[in-house]
Amino acid sequence: MLERKVVSPEYMFFEAPREKKYLIGNEAVAEAVKRANVDMVISYPITPQSEATHIVGDIYAQGYVKDYYRGEDEFNVMSAMAGAAMGGVRAFTATSGPGTLRAFEMFPCWAGERLPIVCAFMTRGVNSPLTIQPDNIEIGWLADTGMLIFHAEDPQDFFDMILQAYVIAEQPDVHLPVGVCADGFFVTHTREIVELTPEDEMLPPYDPSVSPVVTMDMETVPVRHMKDPFVMKSNYISYNTHASWQQEVRAAAERARKYITRYMGSPVEVVHPGAEILFMASGTAAAQARVAMERMRAEGIDIGLVKIKVIRPFPEKEITELAEVPRIIIIPEHNITGWLARDIKSRVNNNAKIYGGPRVFGGMTMPPEMLVEETKKLLLNLVTA
Amino acid sequence: MEALKVSPGFEKILPQEYQELVEDGPYGRGLAVKDLGTFKEVIEEHPLCAGCGLGLAIRLILASLPDPGNTIIVGTTGCNSIVMPQVAIHNIHALFGNQSSVASGLKRALRLRYPDKTKDVVVIAGDGGVADIGLAPTMHSWFRRENITTIMLDNEGYSNTGGQESGMTRQGVVVNMAPVGKKFPKIPLHEIAKAAGCAYVATVTPARARRLGQMAKRAILIARDIGPTYVQIFCPCSTNYKFPPSETLKRAKETEITEYMSPEAQEFIEKIEKESQSRGGKE
Amino acid sequence: MSTLLGFPKNGYKVVPGPETYLSPSAAAMGVVLPNEGEALIEGDIVPEEVAYEEIANRLLSARNPTLFPGPLVLWAWSEKAVAKARALLEMVGEVPGMKIIPMPDYRPKYPMINPKVEINPNHPNLTIWHNNIDVCVFVGVHCHFANLALKIIRAGTDCYTIALCGQRGHEDAMITLRDVHAEEVMDLTDTIRKVKMERLSC
């Protein structure tokens, strides 16, 4: 193991030199975990995630992570992550599709418990029939758990977002779990250039003493404390407390906006914002839309792209403002439900101009040619109509 | 204990129960079941039914913790969990059935943060929570040899949800969800625990108060260095089994008291109990 | 975004209630926490000094000002906690008639709270009502529980809430300072003394 030094998040994100490496997304995850100064990792095999936590296992063996084990299933891995975070350490895990669903009861629990856990979701289709292929339907479900949700476009995003996630998650006024999502295989198994910060520099350690909730170590006051205290008597007071608790979890996500701007620049990336037609997309769909956009612009079509990096807290202000200008908004997605289109449509004033699609799923790819063709067909339909 | 010293000037404004806890609590005093009634217990008023065997068992366990100032309890949904908010020891309720995995993460985290201190992580959960919905994480925490004590409060059913059959209900008993009688025998979890790697396994009842206290203490001490431990406490439920609350202890006596120690655990217990006796110490 | 309908989209003010059946969290209504050197008064960002003066005025004008010290200052778990507790007692001494009611822990009190001697974040309104508290100061409460309590107080009572936060502050309080440790409490006490003198000389 290299001798390492602690650097500030600001230095690591904005000033540190970067070295180019040719990595798949799963390797980029392990590189991020190494620099994130993670205390504990708990793993469980599932494709397409497994490789990331194999490599994290290797860096544990080298001494970069202090504790590591393979849990018995995803629900219990997420439960053990909660125990670790309640005990005051920085924890990491990763899962995919069916694993996400197996573990699901724990995600709103993490948020309610105000635990700053970072979990990578290498998204995958869910059964039945069985598939191991990319499909990000699970992000739509995760979006309502109270967790912060980021969506990476490529291995570079995946690396950066995991590091940013820890810094944002652990702010005392936020202190929420973050799901960093990337589309399985398209990102996890695709080799691209990733610019890495120096291997011997890591984030400052997690400081549980600034937590907005009680760390369960019998060192933190008060000692008469259940995490979390029951508020389940049948009366107005109990219902009101639970309601207020839920509101506070959402309030914490609102507070994250300031730190998202500080550390991620913006929750969205905008290319050609004044265009007549806009793709709005996240993850791999944004990558494919980027290519399709360039091809159409070369043909003289006035089209731009809004890449949505942060799914929760939803960039409501940015999206409603950006939606004012174009005549047509197209939302391509890698899932059948169209959760991103639903999110955007419900917030934009004139949503008749929003076209939720094209969508592919079950492992199907989204070729830029198809996006170009579908966009042109849409334009033709609109003209003939 | 730092966390229970009052800031100067605030002593008199604390509610009575806290003033008593500060002046006369059990932390760091090495107390035991026989000392009950002579100190301020960590438990406050609780909402369990009259004649609840489980309420008594919890009181006895809490009075037997070897180091209450460095103990964190992990529980799960059930009758026991509605007592725990009133207990002056950090305790966790996450979800139903995940207590042993939460405890695994917690124990490891505390080991990282306090390498020079022993933090006892003790799972206290009901029979449904341990033997049914939480069986996999319970057994896996044993397979992994986590340094955790698991204490099952066995009232032979799901009492808090209205008296349904659990895996620990006896064969033939008619309860909710077993309308024609339970069709398979009580799960022999104490036997399974030995095969799964527990260094100490005991079955006991709150009717044998001092024995229960001794077993809880042994289980926690052995879990520190030797390996996982399991104590199963039979706690009859008068509400759902519909017998008078005054009969709880009589029925509790029906269970067999058993104690198993691995050779290593046996050697360890003999050593520390001999040391304790030579110091004229407590049980 | 509010979960109720009766609030304007912009310009939400964090003012004494009773507000409504279920108050929104101020953060959801667009109120943002102050940066270093700043504070919040009724949802608006102000320089810290302005908030110090306003707190002094509110406390000195109050009929029944009350300090709610939470576990982080009630218990002597660190040297910083002890220093802050000392500073708070000195502050209370400068405010005529100021009482102290503790929040020793966060459990919903069973079987019922004695609102005369303590406050609880799950039903803080009971203590405010029972003691007719018109201005209160929260300090040393873990932020999650402070926010819970402050919002419930705004929903159900007309009490003016002040939060002296050791971290980033509380949108749900009518006035909040951030980064408040022993030294800042002493500064606040100095401001209280100064405002008292000004009032006497008027």
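A few points about this structure:
- In the stretch A:198-226, of all residues being surrounded by fewer than 23 Cβ atoms within 10 Å (Cβ to Cβ) and not in a loop (DSSP other than H, G, I, E, B), the one that is nearest to the other protein chains (Cβ to nearest Cβ) corresponds to A:Val210.
- Of all residues in the stretch B:76-87, those satisfying the criterion of being in contact with a Phe, Trp or Tyr (Cβ under 7 Å, 6 or more places away or on another chain) and facing chain A (nearest Cβ under 7 Å) are B:Ile82, B:Pro85.
- When the stretch B:1-26 is filtered for residues that are of a type outside the set (D, E, K, R) and assigned to a helix (DSSP H, G or I), the ones remaining, listed by number, are B:Ala3, B:Leu4, B:Ile13, B:Gln16, B:Tyr18, B:Gln19, B:Leu21, B:Val22.
- Boolean, B:Glu267 is surrounded by fewer than 23 Cβ atoms within 10 Å (Cβ to Cβ) and closer than 22 Å to B:Arg59 by Cα: no
- Against the numbered list (1) in a loop (DSSP other than H, G, I, E, B); (2) touching a residue at least 60 places away in the same chain (Cβ under 8 Å); (3) small (Gly, Ala, Ser), B:Gly167 comes up short only at (2).
- Candidates are the residues of the stretch A:219-234 that are β-branched (Val, Ile, Thr) and closer than 20 Å to B:Leu14 by Cα; the one that is farthest from the chain's Cα centre (by Cα) is A:Val223.
- Qualifying residue in the stretch A:258-280 (condition: facing chain C (nearest Cβ under 7 Å), among the aromatic types (Phe, Trp, Tyr) and in a helix (DSSP H, G or I)): no
- Residues being under 20 Å from B:Gly78 (Cβ atoms), at the interface with chain A (Cβ under 10 Å from one of its Cβ atoms) and outside any loop (DSSP other than H, G, I, E, B) - total across the stretch B:105-137: 4
- Long-range neighbours under 6 Å by Cβ, at least six apart or interchain, first residue β-branched (Val, Ile, Thr) within the stretch A:1-21, second surrounded by fewer than 16 Cβ atoms within 10 Å (Cβ to Cβ) and outside any strand (DSSP E or B): A:Val6/A:Pro204
- Check on B:Gly37, within 9 Å of chain C (Cβ to nearest Cβ) and on the phi > 0 side of the Ramachandran plot: no
- Scope the stretch A:350-365; condition among the hydroxyl-bearing types (Ser, Thr, Tyr) and in a strand (DSSP E or B); matching residues: A:Tyr355
- Per the listing A:Thr261, A:Thr241, the residue uniquely at pLDDT 95 or above, at negative phi and not hydrophobic (A, V, I, L, M, F, W, C) is A:Thr261.
- Whichever residue in the stretch B:88-104 is facing chain A (nearest Cβ under 7 Å) and in contact with a strand residue (DSSP E or B) (Cβ under 7 Å, 6 or more places away or on another chain) and, among such residues, is farthest from A:Ala80 (Cα to Cα): B:Ile89
- Odd one out for A:Ala252 among (1) in contact (Cβ under 8 Å) with a residue 12 or more places away in the chain; (2) facing chain C (nearest Cβ under 10 Å); (3) aliphatic (A, V, I, L, M); (4) under 21 Å from B:Ile73 (Cα atoms): (4)
- One residue from C:Thr127, C:Thr189, C:Thr157 being in contact (Cβ under 8 Å) with a residue 24 or more places away in the chain, among the hydroxyl-bearing types (Ser, Thr, Tyr) and closer than 30 Å to A:Gln171 by Cα: C:Thr189
- Among the residues making up the stretch A:288-310, a single one is surrounded by 16 or more Cβ atoms within 10 Å (Cβ to Cβ), part of a loop (DSSP other than H, G, I, E, B) and among the charged types (D, E, K, R): A:Lys309.
The values are calculated or read from the model by the stated rules, or taken from the named source; none is laboratory data. None of these values were measured; they are calculated from a predicted model. Note: ideal-geometry Cβ built from the backbone for every residue, glycine included; neighbour counts use all protein chains shown.
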